[in-house]
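Remarks on the structure that follows.
What follows is calculated from the coordinates using simple rules that are stated; it is not laboratory data. Everything quoted here is computed from the prediction, not taken from an experiment. All Cβ positions, glycine included, derive from the backbone under ideal geometry; neighbour counts span all protein chains shown.
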């Protein structure tokens, strides 16, 4: 059975990040022929166009990992009503130099979790705008704006709340179909 590789980009560096936990839990809802690889973004230097001709090893690594994937999964918090700087930095690096974007054509899913009542709605909207410019076909619905609750994750890191599990399983099923429909 051929594996479908998904590059997972979590927009949080926090040790106990809800978004990192969500990314790991989502992988348990995917079919066996989907593999999820969390990409490291904390070691990327700040993007500087002067470096486009001589990209750092960490930049070359992330671009190679994205190129090897058949799909993308962005799981991000919301900082100041937008995407975290570390996520935007990773996006900028992998899209440069101009005409050499690793993102182009890769089907994506976008979701996030926050302690706030509106989840990560504005960060996701900003991220979708960025991805549209980068030619990343992004699944539009269902949208996932999760509010962190005590019973969302069980002690094994899986989705513990049955209502949330059913909703996220439906999301994953549509995401899998989206990737299969859009992958090369």
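For region 118-133, enumerate the residues that are surrounded by fewer than 19 Cβ atoms within 10 Å (Cβ to Cβ), part of a helix (DSSP H, G or I) and touching a strand residue (DSSP E or B) at 6+ places or on another chain (Cβ under 8 Å).
Passing the criteria: 121, 122, 126, 128, 132.
Within region 98-112, can you find the residues that are assigned to a loop (DSSP other than H, G, I, E, B), touching a residue at least 40 places away in the same chain (Cβ under 8 Å) and either within 14 Å of the chain's Cα centre (by Cα) or surrounded by 17 or more Cβ atoms within 10 Å (Cβ to Cβ) (or both)?
102, 106, 107
Determine whether region 154-162 contains at least one residue that is farther than 15 Å from residue 73 by Cα and not in a loop (DSSP other than H, G, I, E, B). Quick ask: steps written out before the conclusion?
As a first pass, look at region 154-162 and keep what is farther than 15 Å from residue 73 by Cα: 154-162.
Restricting the remaining residues to those that are not in a loop (DSSP other than H, G, I, E, B) gives 159, 162.
Yes: one or more hits.
Could you grab me the full set of residues in region 52-85 that are in contact with a helix residue (DSSP H, G or I) (Cβ under 8 Å, 6 or more places away or on another chain) and over 23 Å from residue 143 (Cβ atoms)? Before the answer, list the steps.
Restricting attention to region 52-85, the residues satisfying the condition of being in contact with a helix residue (DSSP H, G or I) (Cβ under 8 Å, 6 or more places away or on another chain) are 55, 59, 62-63, 66, 70-79, 81-84.
The answer is 55, 59, 62, 63, 66.
Go through region 12-51 and give me each residue that's in contact with a helix residue (DSSP H, G or I) (Cβ under 7 Å, 6 or more places away or on another chain), within 21 Å of residue 167 (Cβ to Cβ) and assigned to a loop (DSSP other than H, G, I, E, B).
Of everything in region 12-51, those that are in contact with a helix residue (DSSP H, G or I) (Cβ under 7 Å, 6 or more places away or on another chain), within 21 Å of residue 167 (Cβ to Cβ) and assigned to a loop (DSSP other than H, G, I, E, B) turn out to be 29, 30, 31.
Go through region 80-97 and give me each residue that's free of Cβ contacts under 8 Å to residues at least 40 places away in the same chain, within 13 Å of residue 48 (Cα to Cα) and outside any helix (DSSP H, G or I). Walk me through how you get there before you give the answer.
Here is the first cut: in region 80-97, the ones free of Cβ contacts under 8 Å to residues at least 40 places away in the same chain are 80, 85, 94-95.
With the extra rule that they be within 13 Å of residue 48 (Cα to Cα), the set shrinks to 94-95.
Once the filter is applied, which keeps residues that are free of Cβ contacts under 8 Å to residues at least 40 places away in the same chain, within 13 Å of residue 48 (Cα to Cα) and outside any helix (DSSP H, G or I), region 80-97 yields only 95.
Only one residue in 115, 136 is crowded, with 17+ Cβ neighbours inside 10 Å and either touching a residue at least 24 places away in the same chain (Cβ under 8 Å) or over 16 Å from residue 8 (Cβ atoms) (or both). Which one? Spell out the reasoning first.
Working: 115 fails: crowded, with 17+ Cβ neighbours inside 10 Å.
After ruling out the rest, the residue left standing is 136.
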